[in-house]
1. Can you tell me which residue in the stretch 73-118 is surrounded by the most Cβ atoms within 10 Å (Cβ to Cβ), limited to those that are under 21 Å from V34 (Cβ atoms) and acidic (D, E)?
2. Take the stretch 48-87 and flag every residue that is outside any helix (DSSP H, G or I) and either under 13 Å from G29 (Cβ atoms) or not polar (S, T, N, Q) (or both).
3. How about the stretch 21-46: which of its residues are assigned to a helix (DSSP H, G or I), touching a residue at least 24 places away in the same chain (Cβ under 8 Å) and crowded, with 17+ Cβ neighbours inside 10 Å?
4. Being under 15 Å from the mean Cα position of the chain (by Cα) and within 18 Å of E83 (Cβ to Cβ) is true for just one of Q62, Q56. Which residue is that?
5. Yes or no: the stretch 35-58 includes at least one residue that is β-branched (V, I, T) and at pLDDT below 90.
6. (1) surrounded by fewer than 19 Cβ atoms within 10 Å (Cβ to Cβ); (2) out of contact with any Phe, Trp or Tyr (no Cβ under 6 Å at 6 or more places or on another chain); (3) touching a residue at least 24 places away in the same chain (Cβ under 8 Å): which one isn't true of P70, the others all being true?
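The values are calculated or read from the model by the stated rules, or taken from the named source; none is laboratory data. It should be emphasised that the depicted structure is a prediction, and the values quoted were computed from it without experimental measurement. In this analysis, Cβ positions are derived from the backbone assuming ideal geometry, glycine residues included, and neighbour counts consider all displayed protein chains.
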Amino acid sequence: MYTRTLVVLAAALLAAGCAPKNTSLYHWGNYENVVHDMYLKPGEAPAQTQIDKITQDIQESQAQGKRVAPGLYAHLGMMYAAEGQAAQAQEALLKEKQLYPESTVLIDTLLKNQQGSQ
């Protein structure tokens, strides 16, 4: 009886160890869907809706202790700019640059373009 219990327990632990785990370094949340909707369903994805969804994704990533997906803050910055919220746009773009230095050329160009349009 004792041996049978150990075998069942070992099988349960082995099965639990084989379960898929989310090992992504980043929290993607709704980001991919937001981008998809922006291009394919533009009427259903106004800038403020995208801001709300991306802001929620940022909060969820912090709660899960994961990094925000690359490009998320840049997208957020562009949506703030589309809404005429220049200060928030600049803050989000600079955050993208801080988190992902490889985006520096792109972000600097976006910031320059934003300043030129004001």
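1. Only one residue tops the list, namely E96.
2. Of everything in the stretch 48-87, those that are outside any helix (DSSP H, G or I) and either under 13 Å from G29 (Cβ atoms) or not polar (S, T, N, Q) (or both) turn out to be G65, K66, R67, V68, A69, P70, G71, E83, G84.
3. The initial filter retains those residues of the stretch 21-46 that are assigned to a helix (DSSP H, G or I), namely 31-40, 42-44.
Right, trim to touching a residue at least 24 places away in the same chain (Cβ under 8 Å) and you get 31, 34-35.
Listed by number, the residues that qualify are Y31, V34.
4. Working: Q62 fails: within 18 Å of E83 (Cβ to Cβ).
That would be Q56, the only listed residue that is under 15 Å from the mean Cα position of the chain (by Cα) and within 18 Å of E83 (Cβ to Cβ).
5. Yes: the stretch 35-58 contains one or more residues that are β-branched (V, I, T) and at pLDDT below 90.
6. Of everything listed in (1) surrounded by fewer than 19 Cβ atoms within 10 Å (Cβ to Cβ); (2) out of contact with any Phe, Trp or Tyr (no Cβ under 6 Å at 6 or more places or on another chain); (3) touching a residue at least 24 places away in the same chain (Cβ under 8 Å), P70 misses just condition (2).
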